[in-house]
Each structure stands twice: as structure tokens, then as C-alpha cells.
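Presented below is the structure to which this report refers.
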Amino acid sequence: WLKEVGAATRNTCPKTLHIVGVAMVASAWQPSLRVILAVSVLLGKVCAVQPTGNVTGSEAACLAREKQDAAYANCLRRISHSDDSGDESLDRSLAPNVTVIELSTEVTGFPKWSRESDYTMSAEDRRRGSADWLVPAGATQNTPRILYCHGGGYEWYNPKSYRPATSRLAAITGMPVLAFDYRLAPEFRHPAQLEDSVQAFSWIKDNGPEGPGAASAIFIAGDSAGGGLALALALRLRDEPVEGAEVAGVSVVSPETDLTCSGESYVTRRWKASGDEPHDPVFREADPAGASMPAIRDLLGSPHDKEIEAFSPDEPSISVIHARLDNMPPTQIHVGDAEVMLSDAVDFAAKARKYNSPVEVTVWPCMWHTFTQFSEGCGGRNYTGEVLTDAIQALEQQGAFLKQLASRRASKSLSLRRTSKAKRHI
């Protein structure tokens with residue numbers, strides 16, 4: 001065990017955090033290993049938040065991996081040469097033993113809306129607002145529930161296009177996942193997206209995959225813009241709680257937390273053919289921050305628009321790194337070392353920890369934006385069986401984190417019930 005913990009210090013932080021988890025389990029049944037736990041927790045804290053410009057990955061390491069890891073090399077090649085930011089390389093299959101239940105707006109009461117012509121990709125875009133339950137085998141009405149905020153820069157995607165991702169989260173956690181179709185820009189500006197999230201949280205509190213019924217616990221998850229929205233929802237519910245429910249925990253991937261796009265990784269991780277830092281193949285614009293601004297103005301409005309209220313890019317209700325970050329629920333963040341939004345994740349976590357909020361971030365060497373959605377090795381429709389191990393491991397860590405929180409919550413609830421029962425007998 002000591003050799004394993006020592007070796008962990010020479011490996012990447014995701015592997016170190018894996019050792020931490022194993023040591024925690026071991027210490028529960030063998031007290032002599034508690035010294036390992038203490039050392040491991042220290043290592044975990046060192047790895048949990050790393051300065052933006054001082055991360056574990058390097059261009060040399062990524063180049064070496066490209067020669068050794070077929071799935072990684074295939075992903076880099078396909079994404080960096082695509083015209084769609086890698087969309088064609090995303091996972092395509094649904095996780096096995098997960099049932100999809102589509103819910104109409106008549107069932108949920110969520111806003112019914114449609115896309116304007118420039119954003120209409122199919123007939124379904126004229127009938128938006130539905131939601132999906134992704135229900136893994138064995139989940140019941142009493143299983144903790146996950147509310148999922150999909151990504152897409154607040155402009156694109158929907159629950160149906162996200163089924164490969166949400167079904168995997170359902171499968172790895174054993175929990176039903178509700179993905180909802182929040183209103184998008186430019187048709188609907190902030191705070192429509194946050195309002196829809198609050199409504200979805202209120203609905204999942206009282207409705208499960210089998211129909212009406214109170215939730216035993218509710219987690220929030222998301223990625224990219226949806227990761228930022230998930231964090232914004234957690235902060236909104238901290239300040240304006242929904243009666244009868246609370247956020248049990250948050251797990252997000254590559255969250256967009258800073259709509260000013262001022263983090264240094266927007267410069268250091270921008271795409272280029274070579275250099276001394278990893279580069280993001282998803283965002284290949286010469287100026288990723290500048291290229292993001294038109295969509296951000298669509299979301300927040302322009303100060304030149306006198307008819308509709310506009311918000312600043314540092315508006316804390318949606319650009320959450322500018323918010324007060326105290327009293328947050330337990331939060332887990334996964335982010336790639338190579339991605340343009342690295343600063344959004346690392347800087348958010350560092351600020352939250354200054355507020356003593358339980359926020360941890362794992363930086364994955366050489367990985368790009370929302371890498372967990374490329375677990376099939378970027379095969380897209382031509383998946384050959386090669387897997388992206390980092391994506392699989394990050395998903396496993398998401399599952400372990402949420403299941404651990406659910407277990408603690410269940411144990412606490414049971415203890416409270418026993419105490420209450422004992423008092424009644426006195």
C-alpha cells in the first residue's frame with residue numbers, strides 16, 4: 001500500500017485521486033491503513049485544485065501518448081480536422097440496460113417553444129420543450145434522481161441528441177436522469193434558461209420515472225454551458241430554496257463559468273500545430289474568446305439594445321465565477337488540461353475553496369473540452385471498439401462521487417429516523 005501511495009505522487013492527479021478512494025475504503029476495515037488515508041487525503045488536496053498555468057499535462061507527454069494510444073490519436077485527428085467541432089466523433093450508442101422515456105410538455109408543464117428558421121435543423125425544432133427520463137435497470141421511484149443540463153453554448157442541442165451522454169451517466173450511477181429541453185438563445189435570453197432549470201428542479205422533486213412521488217435525493221449534473229447552468233442553478237437554489245428539496249450534490253464536466261472568457265487558458269490552450277502546452281482541438285479559432293462573444297451577446301443581450309434588458313458578461317447569476325461561492329453543495333468538476341475552458345473550471349474551484357465550499361476539480365492530462373462524451377474513441381458512427389480510457393475513468397469517478405453522496409445521505413436519514421423512534425419510546 002505504501003508503495004502504491006508513493007507511486008501515485010509520480011502519476012497524474014486522476015490516478016492519485018483513485019488511490020485516495022481506494023485508501024478510504026480500506027481504512028474503513030483496517031485501522032492500520034489510516035496513516036495511508038491521511039497521506040492520500042493530503043495528496044488529493046494537492047491535486048484537487050491546480051493553478052491554471054501549472055498543470056500536469058505537457059506537449060511532450062501528449063505527443064508521446066499520441067504515438068502509443070490509438071483511441072487518443074484517432075480523436076485528435078478526427079476532431080482537429082472536422083468542420084463541426086468534433087460532433088461527428090461524439091459517442092453514438094446508448095448505454096446498455098437504460099430505458100428512455102420521453103415526456104411531452106403536457107406531462108411536465110415545461111415551456112413549449114420552437115426555434116427560429118436559422119436554427120431549425122429538423123421538424124422537431126418546431127416542437128421543443130420535451131424532456132427525457134434515462135432509467136437504468138434496477139432504478140425505482142425511491143432511487144435518487146439526477147437533473148441534467150445539456151451543453152451547447154446556450155444555443156444548440158437537446159435531450160435527444162444528448163442520450164448517449166445521459167444514458168451513460170444513468171448507467172454508471174444507477175440513478176434515473178432527467179434531461180430537460182431548456183429554452184435557448186438567441187430566441188430566449190437570460191434568465192430564461194435559469195428559470196427553466198428551477199422549474200425542472202421543482203418538477204423532479206415531486207415526479208419520478210414511475211410518475212408522481214417525492215425524490216429521496218436530487219443531484220444536478222451538466223457539461224460545458226450546461227455545466228455552468230448546473231452550477232448557476234445550485235447557487236440560485238442556495239439563495240432561493242425550493243420548499244421540500246435541496247441539492248444533494250453537483251457533478252459537471254468542462255463547465256463554462258466565466259462569460260467574460262478572460263481566463264488565461266483562452267490564450268494558452270488555443271489550437272496550434274505545435275508548442276509547449278496542450279491544445280484544444282474543439283475550439284480552433286485564432287481567438288476563442290472573441291469568437292465566443294456573438295453567442296454570449298445573443299444570450300445576455302447587447303448594451304446597445306434599448307428595448308430589452310441586457311446583462312454584463314460578469315453577471316453572477318449565470319457567469320458563476322463572479323458569484324459569491326459560499327455554502328455550495330458538494331461539487332465535483334472534471335476538466336481537460338488541453339481545453340480552452342480550463343481556467344473556467346480551475347479558477348472557479350479555487351475561488352469556491354476560498355469560501356470553504358466543498359468543491360473539487362480533477363484536471364485530466366491531454367484531454368479536450370467535454371472529453372467524457374468521446375468514450376467510444378471518437379469512432380462516431382464507425383465505432384470500432386477502441387475506447388478513450390480517460391473518458392471511461394472520469395465517468396466512473398462521477399458515478400462513485402454521486403453514489404457516495406447518496407449513501408451518506410441515506411445513512412444520515414436512517415440515523416435520524418432511529419433517533420426519532422428512540423425518543424418516542426422514552
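The values are calculated or read from the model by the stated rules, or taken from the named source; none is laboratory data. Worth saying up front: this structure is predicted, and the values here are computed from it rather than measured. Every residue, glycine among them, receives a Cβ derived from its backbone with ideal geometry; neighbour counts consider all protein chains shown. SASA here: full protein model, heavy atoms, side chains in, ligands and nucleic acids out. Shrake-Rupley method; radii C 1.70, N 1.55, O 1.52, S 1.80 Å.
Go through segment 68-85 and give me each residue that's open to solvent by 30 Å² or more (accessible area, probe 1.4 Å) and not in a helix (DSSP H, G or I). ASP69, HIS81, ASP83, ASP84, SER85 - these are the residues of segment 68-85 that are open to solvent by 30 Å² or more (accessible area, probe 1.4 Å) and not in a helix (DSSP H, G or I). Are any of the residues in segment 368-377 within 13 Å of LEU325 (Cβ to Cβ), in contact with a helix residue (DSSP H, G or I) (Cβ under 7 Å, 6 or more places away or on another chain) and not in a loop (DSSP other than H, G, I, E, B)? Within segment 368-377, none of the residues are within 13 Å of LEU325 (Cβ to Cβ), in contact with a helix residue (DSSP H, G or I) (Cβ under 7 Å, 6 or more places away or on another chain) and not in a loop (DSSP other than H, G, I, E, B).
When each of ALA422, ALA391 is tested for being open to solvent by less than 60 Å² (accessible area, probe 1.4 Å) and either touching a Lys or Arg at 6+ places or on another chain (Cβ under 9 Å) or at pLDDT 95 or above (or both), the lone residue that passes is ALA391.
Quick grid of which residues meet (1) open to solvent by 10 Å² or more (accessible area, probe 1.4 Å); (2) within 17 Å of the chain's Cα centre (by Cα); (3) over 16 Å from PRO159 (Cβ atoms); (4) modelled with pLDDT under 95:
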{"site": "GLU187", "(1), (2), (3), (4)": "yes, no, yes, no"}
{"site": "GLU195", "(1), (2), (3), (4)": "yes, no, yes, no"}
{"site": "ILE204", "(1), (2), (3), (4)": "no, no, no, no"}
{"site": "LEU229", "(1), (2), (3), (4)": "no, yes, no, no"}
{"site": "ALA248", "(1), (2), (3), (4)": "yes, yes, yes, no"}
{"site": "TRP271", "(1), (2), (3), (4)": "yes, no, yes, yes"}
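Looking at this structure, is ALA214 surrounded by fewer than 21 Cβ atoms within 10 Å (Cβ to Cβ), of a type in the set (A, V, I, L, M) and more than 17 Å from LEU300 (Cα to Cα)? It is true that ALA214 is surrounded by fewer than 21 Cβ atoms within 10 Å (Cβ to Cβ), of a type in the set (A, V, I, L, M) and more than 17 Å from LEU300 (Cα to Cα).
Hey, does segment 173-180 have a residue that's touching a Ser or Thr at 6+ places or on another chain (Cβ under 8 Å) and open to solvent by 20 Å² or more (accessible area, probe 1.4 Å)? There is at least one residue in segment 173-180 that is touching a Ser or Thr at 6+ places or on another chain (Cβ under 8 Å) and open to solvent by 20 Å² or more (accessible area, probe 1.4 Å). No other residue among VAL49, VAL98 is in contact with a helix residue (DSSP H, G or I) (Cβ under 6 Å, 6 or more places away or on another chain) and either modelled with pLDDT of 90 or more or surrounded by fewer than 12 Cβ atoms within 10 Å (Cβ to Cβ) (or both) apart from VAL98. One residue alone among PRO316, PRO303, PRO330 is touching a strand residue (DSSP E or B) at 6+ places or on another chain (Cβ under 7 Å) and either surrounded by fewer than 14 Cβ atoms within 10 Å (Cβ to Cβ) or more than 19 Å from MET367 (Cβ to Cβ) (or both), and that residue is PRO330.
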